[in-house]
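Reviewing the structure listed below.
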Amino acid sequence: MLRYITKRLLLIPPMLIGISLITLLAMHLTPGDPASMRYGLNPEVSGSARAHLKELYGLDKPVIIQYGGWLKRIVTLDFGDSFIDDRPVIEKIKERLPATLILQISALILIFSLALPIGVMSAVKQNSFFDKATTFLVFIGFATPTFWLALLLMRFFGFQLEWLPISGMSPWYAQDYSLPRRILDLLWHLILPLFTLAFTGLAGISRYTRYSMLEVIRQDYIRTARAKGLKENKIIYHHALKNALLPVITILGLTLPALIGGSFIFETIFAWPGMGRLMYTAILQYDYPVVMGVGIISVFLTLIGILISDILYAVVDPRIRYE
Amino acid sequence: MLKVRNLKTYFYTQRGTVKACDDVSFDIDHGRNLGLVGESGCGKSMCCLSLLKLIPPEGNIVSGEVLYKGRDIFSMDNKELRKIRGNKISMIFQEPMTSLNPVLSVGEQMTEAVLAHKDINYGEAKALSIELLNKVKIDRPKNRFNEYPHNLSGGMRQRVMIAMAISCRPDILIADEPTTALDVTIQAGILELLDELQNEYNMSVLIVSHDFGVIARLADRVAVMYAGEIVEYAAAEDLFKNPLHPYTKGLLSSIKQIDKRDKRLSTLKGAVCELDNLPKGCRFSPRCDLASSECREALPGLKEISPGHFVRCVKSG
Ligand SMILES: Nc1ncnc2c1ncn2[C@@H]1O[C@H](COP(=O)(O)OP(=O)(O)OP(=O)(O)O)[C@@H](O)[C@H]1O
Ligand code: SF4
Ligand SMILES: [Mg+2]
């Protein structure tokens, strides 16, 4: 087990380097650059001033040199300052990361705690009313565009009923609140985005669980468990589910990147101050340091996510653990 | 001790009804072994699985009774049924490679079988399991206890299955082709083990095989199955000395020829009939040398020719 984890950990640095290199190259292949972005439309800025600016940021050097210098700094989490407001990139990320993580991790927990039982139950009672009803519901969620559902809910619960806040995370006055009050306020603001994410995201995991359970409950070892006289609950939730989880964990590993990066559209609609929006505006403004910083942090968290799912896999499956 | 009466297990498929067990009856007496023999696909496994209601969900036990000490297993509720399964009647399967759960340790799978039925604590269950692993001749039982099925060979997995099956000292052990999937060299060892355990525990073994050699090794009585039906049912000695049904004769003479290294392997012509497309009259008639028009008209019943020797053939008796 320890060897397995070490092996996985050693894979992280090369992956990180590879992905960051690709990000940098991609930025260079797109037209426009920060120097012309900032002053391009200003006739008072001369060509020499622009050249000076490029030199300052090191933009006149070859890409690979830029990358080398930059790599040195990120080890110390120094992503430089934003081109737009000159604030350190790491500061901006620190502001935004919690919002994304809180929302996405609670969505993930909610999705799993609903999808697993739904998947298991609909497999065990295949073609029952429960199976058909959840299939229908889950596919409606899958087919509903997130932004549309979000707007619908905001209109109904926010404008018409005025039960829930329409958007944002914490209003300005929340700073004065006591801690419990602030947590409540956070939960209050979480309801709509969380529901939207969970409802539209339920289909994947619940369907995979159902499919995988249907496979597993036909297996010989389930018959063995039954022949031993075990209780049905133990057979389903221990013998079968443990096997059925394996493919689901793989899916978890694949969904994590999307979760951690946050979604531009989603965060924009709910005015959720997360990484998605930060990245979006940074890209529009050619704010290289921010784009790179957010990119690296996302990649890093994604790799950690994949590591977690690999470890979970090994915890469940002894064949991996002792490979 | 176990009386099976008129058991019918059918599969309703798109191509028609598959009569995997059709009107099967037999008895298993205390401490005596019954052999169930027949070609592949004739319904042996479905018959065994029916006894404990373990058939796959698409199968149907249409009618019949399985009386264990006078109580009908088919009319028991789930709780009563659980008390029988693995406790009074346990089962080992044809496929040792897939019969153990790959993600649970040998120890966990063994102890849970005991803990489900006996009022003992985990420590005692563990000690018992290790003792049983030792009894089924698995080396280093203490280490094996913590290992997972993928560490074990097919023969060892079958031994673990056996250890698990006998852990509650059942009255009856159903062994569905316990050696078919194993190497010939390992087969003998498993049969010997079953024989030893049967004597020691004084249980009854329902030994299933397509191989008369295996049956001869263990069985006191033998039921020969063909196309979902029992065609001959007799004491083992009687059956081997004096087979009456043409199918049994064919099966037995094919082994004798193998013994004599005869090149003609089988006197049985043709393939097993399709269970969803049965011939009219005697199911064996398309392959039977003695078949006449009489055989194709009515389905012959199982008749007692001499005391305890039953045959399903119009030409016998
Ligand atoms: N799930 C199923 N659906 C339809 N028919 C089935 C199903 N399972 C088994 N059968 C049919 O039931 C019949 C009996 O199968 P069974 O497994 O009992 O044979 P068997 O005598 O044990 O053969 P083998 O020696 O190969 O194990 C077969 O002809 C098979 O086609
Ligand atoms: S009844 Fe006729 S066909 Fe059937 S086994 Fe007897 S002799 Fe053969
Ligand atoms: Mg079989």
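Values for this structure:
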read-out: Rounded accessible area per residue of region A:95-321, 1.4 Å, Å²; value: 48 Å²
read-out: For B:Met225, distant residues with modelled amide H under 5 Å away; value: B:Val37, B:Gly38, B:Val231
read-out: Vicinal HN-Hα couplings computed from phi for region B:221-227 (Karplus, 6.51 cos²θ - 1.76 cosθ + 1.60; Hz; Gly/Pro x); value: 10, 9, 10, 9, 10, 9, 6
read-out: MRE, 222 nm, helices only [DSSP H, n ≥ 4, -39500 (n - 2.57), over the protein assembly as shown, to nearest 500]; value: -17000 deg cm²/dmol
read-out: Beta bridges per DSSP with both ends in the protein assembly as shown, % antiparallel, nearest 5; value: 65 percent
read-out: J(HN,Hα) series, region A:9-15, from Karplus relation 6.51 cos²θ - 1.76 cosθ + 1.60, nearest Hz, glycine and proline x; value: 5, 5, 6, 5, x, x, 5
read-out: Student exercise, chain B dipole from Lys, Arg, Asp, Glu Cβ charges, in Debye to nearest 20; value: 280 debye
read-out: Gyration tensor verdict on region B:171-263 (Cα atoms; rounded if a/c is under 1.5, prolate if a/b is larger than b/c, oblate otherwise); value: oblate
read-out: Derived scalar couplings ³J(HN,Hα) [region A:74-86; Karplus, 6.51 cos²θ - 1.76 cosθ + 1.60; whole Hz; x for Gly, Pro]; value: 5, 4, 9, 6, 9, 8, x, 9, 5, 5, 7, 10, 6
read-out: Residues whose placed amide H lies under 5 Å from that of B:Ser204, excluding near-sequence neighbours; value: B:Gly31, B:Ile172, B:Leu173
read-out: Simple label model, 7 Å out from Cα along Cβ direction - B:Phe74 to B:Glu274, nm; value: 2.8 nm
read-out: Formal net charge of residues neighbouring A:Tyr237 (Cβ-Cβ distance under 15 Å; K, R +1; D, E -1); value: +3
read-out: Rounded, prolate or oblate (a/c below 1.5 giving rounded, otherwise prolate when a/b exceeds b/c) for region B:107-222 by Cα gyration tensor; value: oblate
read-out: DSSP beta bridge pairing in chain B, given as percent antiparallel to the nearest 5; value: 60 percent
read-out: Built amide H within the under 5 Å cut-off of B:Val62, gap 5+; value: B:Lys8, B:Thr9, B:Tyr10
read-out: Size of the B/A contact, given as accessible area buried on both chains, probe 1.4 Å, in Å²; value: 2200 Å²
read-out: Chain B shape via C-alpha gyration tensor axes, a/c threshold 1.5; value: prolate
read-out: Pairs from B:Lys83/B:Lys280; B:Lys8/B:Lys69; A:Lys234/B:Lys88; A:Lys125/B:Lys19 whose Cα-Cα separation, in the structure shown, is over 30 Å; value: B:Lys83/B:Lys280
read-out: Chain B, accessible surface, carbon-and-sulfur percent (1.4 angstrom probe); value: 49 percent
read-out: At least 30 Å² accessible surface lost relative to isolated chain, residues of region B:90-125 (1.4 Å probe); value: B:Phe93, B:Thr98, B:Ser99, B:Asn101, B:Pro102, B:Val103, B:Leu104, B:Glu112
read-out: Whole-number accessible area per residue in Å² for region B:160-225, which is evaluated in the context of all protein chains at 1.4 Å; value: 30 Å²
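The values are calculated or read from the model by the stated rules, or taken from the named source; none is laboratory data. Treat the numbers as computed from the prediction; the structure is a model and nothing was measured. Here Cβ is always computed from backbone atoms with ideal geometry, including for glycine, and neighbour counts include all displayed protein chains. Areas reflect the complete protein model, heavy atoms only, side chains present, ligands, DNA and RNA absent. Shrake-Rupley method; radii C 1.70, N 1.55, O 1.52, S 1.80 Å.
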